[in-house]
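See below for the structure under consideration.
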Amino acid sequence: MILSVALALLALPILAWLVDLIAGFLRDSTPPTLHANGGFPATGQPFIARESGTELVGTIGNRTAVANNAQITEAVSYGVYDAFMSALCGKNATAKVDAKLYLDGRLIAVAA
């Protein structure tokens, strides 16, 4: 009985210290930032991703980066277009491309 009372009395300062530590962290910590529009969270800064739909989290130049759905779509579209044009033109962006439109086996339009 005396041992349990002694242990309880010893535990009170530890419990108070732990409560103070948690309260100090909550009081002094910066709340997480939201990045629904994409962006770069500050180093060491907590942040929330996916709060507003599809997002990717990664690094760009050793910085944490958040890309939202519109930015992902734009980047993929640009990459596909650039790869297509490189393959089509052999890296020559000024190459002439002739497009022919056929309907039922008949040539109906030509774009040069």
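The values are calculated or read from the model by the stated rules, or taken from the named source; none is laboratory data. No experiment lies behind these values; they were computed from the predicted model shown. Reconstructed Cβ throughout: ideal geometry from the backbone, glycine too, with neighbour counts over all protein chains shown.
Which of the residues spanning segment 30-61 are part of a strand (DSSP E or B) and surrounded by 12 or more Cβ atoms within 10 Å (Cβ to Cβ)?
We begin by selecting, within segment 30-61, every residue part of a strand (DSSP E or B); these are 33-34, 39, 47-48, 55-60.
Hits for segment 30-61 are T33, L34, G39, F47, I48, E55, L56, V57.
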Inset, instruction - Could you pull out the residue among V80, V66, V57 that is under 27 Å from A111 (Cβ atoms) and modelled with pLDDT of 80 or more? - result: V80
